[in-house]
1. Under 11 Å from the Cβ of Ala238, count the other residues' Cβ atoms, weight Lys and Arg +1, Asp and Glu -1, and hand me the total.
2. Please list His62, His260 from largest to smallest accessible area, probe radius 1.4 Å, with all protein chains kept in place.
3. Tell me, in nm to one decimal, what length is gained between His262 and Asn106 on full extension, where the rule is 0.36 nm per residue of separation less the Cα-Cα distance?
4. When a/c is below 1.5 the answer is rounded, else prolate if a/b is larger than b/c, else oblate, so apply that to the stretch 129-178 with a ≥ b ≥ c taken from the square roots of the Cα gyration tensor eigenvalues.
5. About the Cα centre of the stretch 185-286, how large is the charge dipole given +1 on each Lys and Arg Cβ and -1 on each Asp and Glu Cβ? Please answer in debye to the nearest 20.
6. At 1.4 Å probe size, put Phe273, Phe64 in order of accessible surface, largest to smallest.
7. Between the stretch 197-272 and the stretch 106-129, how far is it from one alpha carbon centroid to the other, in angstrom?
8. Can you tell me the Rg and the Dmax, both Å, for the Cα atoms in the stretch 74-162?
Amino acid sequence: VTLARPTLVPHFPMRSMARHSGLGASLDRWDQRLSQPVFRLNLPKWMELLLSVPGALMGFPHAFFGPTPLALAAAATPSAIALKSLLLSSALGVGSFYAGLAGWINFTKSTKLLIFLMPGLCLVLSSKLSPEAAYLSTCSLICASLAVAVSIPLKALTDRPRPATNWAEKTRRSALLWPYIEAMCKGGQSREALPSSDAAVMAANAFLLWRFWHHPAAPWVALMFFAFACFGRMYFWAHHCFDVLSGGFLGIMVTLCVLHFHWVSTHHFLLSFLVFLVAVAAMQKRTRIFDERK
């Protein structure tokens with residue numbers, strides 16, 4: 001069965017990033033040149049589905065409010081209950097993500113539900129783990145919430161178009177992932193490239209993995225996961241090279257602040273989560289404003 005590729009029409013013409021972020025036209029051109037080889041790649045469909053887990057899922061609450069914190073906890077302090085908790089949250093998060101893309105469930109409604117369900121489930125499961133594992137899991141939740149919250153006003157400030165607005169018509173991607181790619185070309189969502197909040201979340205978790213996983217390979221594993229996630233974000237035309245690098249820097253800075261000020265507790269997470277919700281609400285309002293201007 002041949003699936004027809006949807007026609008994507010950007011809501012806004014491309015503007016120069018330099019005009020909004022002050023990075024300079026020359027830097028923008030070099031960033032485009034560095035990113036284009038990744039944009040032009042065409043991997044086998046099964047590889048795209050695997051790549052979408054760190055490349056797309058990482059930027060959704062399906063992952064960074066559930067499986068990701070518990071995966072860090074399981075790596076730092078391995079135990080049977082940590083592994084069971086990870087499998088449970090992964091089945092719920094990953095399963096609902098792909099079920100939404102496949103059209104089996106309403107993706108938007110399920111995502112809104114999981115924004116509240118996954119953190120609660122993660123905190124409950126973490127409470128049954130060792131103190132160190134629970135600390136790391138809670139820290140991951142806090143860093144993810146704050147990294148996304150800080151990145152949202154920066155996206156509005158830079159107002160940089162996503163690569164999908166230019167590249168989605170030139171090459172193919174897996175049909176299952178087209179709803180996700182198409183959404184990036186619509187309205188205000190098409191202008192949220194810089195910085196990458198997905199890379200910020202992954203960098204925060206990669207830093208925590210390096211910091212708390214007492215293993216000689218920890219730095220290399222952390223770097224590999226971050227690079228893999230960044231490659232995925234670029235491969236699916238969500239971000240340019242500079243977008244993911246700046247997002248990674250932002251995520252590390254947020255994590256350093258959280259650790260330095262010992263801002264790790266359930267109370268701190270609830271406050272961070274509230275900041276996250278306010279930022280997301282502001283982003284949704286901005287997106288609607290852009291759509292109304294069309």
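1. Values: positive: Arg162, Arg233; negative: Glu192, Asp198, Asp243.
With Lys, Arg at +1 and Asp, Glu at -1, the net is -1.
2. Details: His62 0, His260 130 Å².
Solvent-accessible surface, decreasing: His260, His62.
3. Numbers: separation 156, 0.36 × 156 = 56.16 nm, distance 3.86 nm.
Additional length available on full extension: 52.3 nm.
4. On the way: a/c = 6.36, a/b = 1.79, b/c = 3.56.
Oblate, because a/c is 1.5 or more while a/b does not exceed b/c.
5. Numbers: 6 positive and 3 negative charges, 46 e Å.
About 220 debye.
6. On the way: Phe273 25, Phe64 5 Å².
Accessible-area ranking of Phe273, Phe64, largest first: Phe273, Phe64.
7. If you average the Cα positions of each part, the centres end up 20 Å apart.
8. For the stretch 74-162, the Cα-based Rg and Dmax read 15.8, 46 Å.
The values are calculated or read from the model by the stated rules, or taken from the named source; none is laboratory data. This structure is a prediction, so every number in the text was calculated from the model and none was measured. Here the Cβ is made from the backbone with ideal geometry for all residues, glycine too, and neighbour counts use every protein chain on show. SASA here: full protein model, heavy atoms, side chains in, ligands and nucleic acids out. Shrake-Rupley method; radii C 1.70, N 1.55, O 1.52, S 1.80 Å.
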